[in-house]
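Inspection log for the structure reproduced underneath, given as structure tokens.
None of the figures in this text is laboratory data; all of them are computed from the coordinates on show. Just so it is clear, the model here is predicted, and its values are computed rather than measured. Heads up, the Cβs are rebuilt from the backbone with ideal geometry, glycines too, and the neighbour counts pull from every protein chain shown.
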Amino acid sequence: MPTSSSPSLTWRDGRILRDGEPHRVLSGAVHYFRIHPDQWEDRLRRLAAMGANTVDTYVAWNFHERTEGEFDFTGWKDLARFVRIAGEIGLDVFVRPSPYICAEWSNGGIPFWLSGRTRALRTSDPVFTNAVDAWYDALIPQLEPLQAVHGGPIRLIQVENEYGSYGSDAAYLAHLREGLRSRGMVEMLTTADGTTGDMVEHGSIPGTMGTFTFGTGVPLAVELRRDDHHLMCSELWGGWFDHWGERHHVRSAASMIATVHELLDAGGSVSLYMAHGGTNFGLWNGANHDGTLLQPTVTSYDSDAPIGEDGTLNDKFHALRAAFAPFHDGDLPPVPDAPRRQPAASAPLVPTASLLDVVRAVPVAATAPQPLSYEQLGAEDGLVSYEAQISFPAEATLQLLELRDRATVFLDDVRLGTIEHDGEPTLPLPSAGGAGRLTIVTESLGRINYGALTGEHKGILRGVLIGRRLVHGWDHRMLPRDAVPVVGSGGGAVEGLATASFDIEEPADAWLAFPGGAKGMVWLNGFLLGRYWERGPQVTLYAPEPLWRAGVNEIAILDTDRLGSTVEIREEPDFGEVEEFIGS
């Protein structure tokens, strides 16, 4: 394997040189953590057929270190295998290795246990940088041998991500740069920021090539490009993501390719975000906050990308293939076949346990005078129940102080209602007054991934009031992190746990729908696919071929609000009502 001490990519006089020759980076974002590993090669081959010569991927820190000090780079988390597959296909790799990635991913990729310990995220505070150093000590040995200087495909490495729109700690950026260099990362370092002078000023660092992120902003990028740096957009937004309660965002092929051509005509390089979006499987979706409302991201990360969530190729794919082809010496790889899909089918949904049965089957994890946050409990996401014995006078009101994010409230076995983070924080108690067991089942809808509220805690943060009096004496129960809840059969509940089964002849991709269901989590053969919510826009969940098996397949649903009566396999996705996104 050839080795060298010099980076294979350099920049000079506004150009990128690859092994000394002029080069354009024609890249697309494909995230290994959003794709079943059995489909990594398929998606990367589709990217190569699109005409890309490079794949870029973030590295989601919290995906690999869910428990502090326990690092996992196996199976789905085998980042080195993803990089090697890309190299075998003939793609260079642009790796963007944390600590913060945004990416509409839970907590922006920062582990919840770290944001639970310090609010000084993305700074030179030793609590944060010590954790980053320990992470780099585990991560970089996975990447260092795969650099081009050692014969591997990694040729670009990003330092942080859009830091100029977040902070101004130059010492922190320098710490990250030196952390990469001192651990042997010698290939070209980059930064990425939006197209304002302030962002570029605070996100730039000496020794790295500045790049931009935008949907439409080539003239501004040309104006703001630093010194002799090459013009590169490391995130050209060819589509957009969705929040629950909004419309599905699309961007036309004509709009997207016009910006791509504008950038290429200006002599620039591009990485399309996303080339293939994939899926926020499990509870890995992030959330935004607009200053007033929490905006949780949906399970799908299709992003109206050229390569769809299940690998389907659309007009954007063919437009990019035509635009990129002239930059290749030979013919592009042939266009792959369309993915196979299961035929439509339906199965009855059989309730097995109420929501209260589900949470009460979990042992008490902690007892405390005041409600504990998810971070204090060591709960990453999902459902946590808070239980206390209460008494209350006539006409009393229950109030949750700083709920994050949603709560279903019961008194004994009677459901009182639902409270949401940004809604009315109170519920009336029975008007005659009385006493009973109060159970509050909370759900984290997605950890904020962008802006000053990144790292915000989850759960009941400031207590529970009856009138003006705090409720004390709380039992806490946490549902298992990803597993299907285990509980004895409790019969037909309005909300709670239910199952369905499909007997199939041959595994293939499928889209699942849950007519009549209100808000639930879905497991396929024990794997947590994600969530559905009747407020939309997303209607169907992607269930990739590798999760199915020939014969009987089990679907489990935990709906906190209202179970439907059936589960459907559909042959086409339904992302909901659409609206055009142009970018900025």
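Please work out if Leu429 is of a type outside the set (Phe, Trp, Tyr), closer than 19 Å to Leu400 by Cβ and either surrounded by fewer than 18 Cβ atoms within 10 Å (Cβ to Cβ) or free of Cβ contacts under 8 Å to residues at least 40 places away in the same chain (or both).
Yes.
Of the residues Glu375, Glu380, Glu424, Glu395, only one is touching a helix residue (DSSP H, G or I) at 6+ places or on another chain (Cβ under 8 Å), assigned to a loop (DSSP other than H, G, I, E, B) and farther than 21 Å from Ser354 by Cα; which?
Glu380
Looking only at segment 520-538, how many residues end up being surrounded by 20 or more Cβ atoms within 10 Å (Cβ to Cβ) and not in a strand (DSSP E or B)?
2
Determine which member of the set Arg81, Arg96, Arg155 is in contact with a Phe, Trp or Tyr (Cβ under 6 Å, 6 or more places away or on another chain), under 30 Å from Ala325 (Cα atoms) and of a type outside the set (Val, Ile, Thr).
Criteria check complete, one pass: Arg96.
What are the pairs with Cβ atoms under 9 angstrom where one residue, in segment 271-294, is surrounded by fewer than 23 Cβ atoms within 10 Å (Cβ to Cβ) and the other, located anywhere, is aromatic (Phe, Trp, Tyr)? Sequence gap at least six, or different chains.
Close Cβ pairs (under 9 Å, with a partner that is aromatic (Phe, Trp, Tyr)) amount to Gly282/Phe527; Asn288/Tyr450; His289/Tyr450.
Quick check on Asp304: is it surrounded by 13 or more Cβ atoms within 10 Å (Cβ to Cβ) and either touching a His at 6+ places or on another chain (Cβ under 7 Å) or without any contact (Cβ under 8 Å) to a residue 40 or more places away in the chain (or both)?
It is true that Asp304 is surrounded by 13 or more Cβ atoms within 10 Å (Cβ to Cβ) and either touching a His at 6+ places or on another chain (Cβ under 7 Å) or without any contact (Cβ under 8 Å) to a residue 40 or more places away in the chain (or both).
Tell me whether segment 489-496 contains one or more residues that are without any contact (Cβ under 8 Å) to a residue 40 or more places away in the chain, in contact with a Lys or Arg (Cβ under 9 Å, 6 or more places away or on another chain) and more than 16 Å from Thr299 (Cα to Cα).
No, that holds for no residue.
Phe410: over 17 Å from Leu470 (Cβ atoms) and either surrounded by 14 or more Cβ atoms within 10 Å (Cβ to Cβ) or β-branched (Val, Ile, Thr) (or both), yes or no?
yes
Looking only at segment 464-488, how many residues end up being touching a Pro at 6+ places or on another chain (Cβ under 6 Å) and either small (Gly, Ala, Ser) or not in a loop (DSSP other than H, G, I, E, B) (or both)?
Residues meeting the conditions: 1.
Hey, can you tell me all the residues within segment 505-519 that are in a strand (DSSP E or B) and over 22 Å from Pro351 (Cα atoms)?
Asp509, Ala510
Can you tell me which residues in segment 214-251 are more than 21 Å from Asp56 (Cα to Cα), touching a residue at least 12 places away in the same chain (Cβ under 8 Å) and of a type outside the set (Lys, Arg)?
Result: Leu220, Val222, Leu224, Asp228, Asp242, His243, Trp244, Gly245, Glu246, His248, His249, Val250.
Go through segment 231-269 and give me each residue that's closer than 27 Å to Val159 by Cβ and aliphatic (A, V, I, L, M).
Selection gives Leu231, Met232, Leu236, Val260, Leu263, Leu264, Ala266.
Tally time: how many residues in segment 166-189 are within 27 Å of Asp92 (Cβ to Cβ), of a type in the set (Ser, Thr, Tyr) and surrounded by 15 or more Cβ atoms within 10 Å (Cβ to Cβ)?
Qualifying residue count for the region: 0.
Can you tell which of Ala452, Ala510, Ala556 is out of contact with any Leu (no Cβ under 8 Å at 6 or more places or on another chain), of a type in the set (A, V, I, L, M, F, W, C), touching a residue at least 40 places away in the same chain (Cβ under 8 Å) and buried (at least 19 other Cβ atoms within 10 Å of the Cβ)?
Answer to the check: Ala510.
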